[in-house]
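For reference, the structure is listed below as structure tokens.
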Amino acid sequence: MTTAPAADQRRLLDLQALDTRLDQIAHRKKTHPLLARLTELDKQAGDLHTALVTSQTARGDLRRELAKSEGDVEQVRNRAARDQARLDSGTGTAKDLQALTHELAALAKRQGDLEEIELEIMERLEAHEAAVAELQRAYDAQDEARRAVVAERDAAFAELDAEGARVRSERDQMASEVEPSLLALYEKLRARLGGLAVAPLRHGRSEASGLMIPATELARIKALPPEEIVYCEDSGRILVRGEDSWL
């Protein structure tokens, strides 16, 4: 395509401005500071969750260990109670009663050892219970902080989305007013050139490349009819001419 109405070419500048705003809105969403904060909170929450699960597992193991220890103590107590009852009844031979006396002494020692083990397990369990409670509080606080940031992010994104919807509506209306083949060229260049397809020629300077155009090339462009599409030699983008192009 080599020609297009000059008015449509100028309209491309307005279309480009709207598309640039849409790109900026998308970039603001993609790089919003709250996203980095959420990533940080998610990592912290992950670390806390791992620590919490580890501590809960250890607590569960200690609870089972304590239950077994309590069972061992209860078993010895029951055995001692039965032996004591037999001894108190006086039934049996003197040898049997003497054996019961020795067994009761052994059971008393065994019970004392088991109760020490039980106490040690209880102390360890108490420490783990406190650790689990502390980790749970920290995890809950972290989760609350994350939910607050998510709400803040959603509110910020809602504003950006609303702005984007307004710009998109304006952009679509403007695009419908551009000659279809010129619009297709514009979209193709935008896709190939990083989103910027058109820029003004202002004061002899290409706003597409930021460079001054040589005098001979500027004279050639000035002599072209208004509908002739001009490209920036350095960037490949469309240059739109206006009243200030030559000043």
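The values are calculated or read from the model by the stated rules, or taken from the named source; none is laboratory data. As the structure is a computational prediction, the values presented were derived from the model and not from experiment. Cβ coordinates were reconstructed from backbone atoms using ideal geometry, including for glycine residues, and neighbour counts include every protein chain displayed. What goes into the accessible areas is simple: the full protein's heavy atoms, side chains included, and nothing from ligands, DNA or RNA. Shrake-Rupley method; radii C 1.70, N 1.55, O 1.52, S 1.80 Å.
Using Cα atoms only, what is the angle between the long axis of helix 33-89 and the major principal axis of the chain, expressed in degrees (0 to 90) to the nearest 10?
For 33-89 against the chain, the angle is about 10 degrees.
Label points 7 Å out from Cα along the Cβ direction at Leu13 and Lys43: separation in nm?
Each label point lies 7 Å from its Cα, and together they span 4.6 nm.
Per residue, how big is the convex hull around the C-alpha atoms of region 174-247? Give it to me in cubic angstrom, could you?
Dividing the Cα hull volume of region 174-247 by its residues yields 92 Å³.
If the viscosity is 0.692 mPa s and the temperature 37 °C, what Stokes-Einstein diffusion coefficient in µm²/s follows for the chain when Rh is the Kirkwood radius over Cα pairs?
125 µm²/s
Could you report the chain's accessible area per residue, 1.4 Å probe, as an integer in Å²?
About 60 Å² of surface per residue is accessible.
With a point put 7 Å past each Cα toward its Cβ, work out how far Ala58 is from His32 in nm, to one decimal.
3.9 nm
Determine the equivalent ellipsoid of region 87-188 by diagonalising the alpha-carbon gyration tensor, then write out the semi-axes as square roots of 5 times the eigenvalues, largest first, rounded to whole Å. Present the calculation step by step, with values, prior to reporting the outcome.
Working: eigenvalues 1533, 47, 20 Å².
Its equivalent ellipsoid spans semi-axes of 88, 15, 10 Å.
If the cut-off is 27 Å between C-alpha atoms, which lysines fall inside it for Lys95, apart from same-chain ones fewer than 8 positions away?
Lys109
Send over the semi-axes of region 1-98's equivalent ellipsoid, whole angstrom and largest first, taken as the square roots of 5 times the C-alpha gyration tensor eigenvalues.
Equivalent-ellipsoid dimensions as semi-axes: 89, 10, 7 Å.
Evaluate the relative contact order of the chain (contact order divided by residue number), counting alpha-carbon pairs under 8 angstrom at least 6 apart; express in whole percent.
Numbers: 212 pairs, mean separation 80.7, N = 247.
Once divided by the residue count of the chain, the mean separation gives 33 percent.
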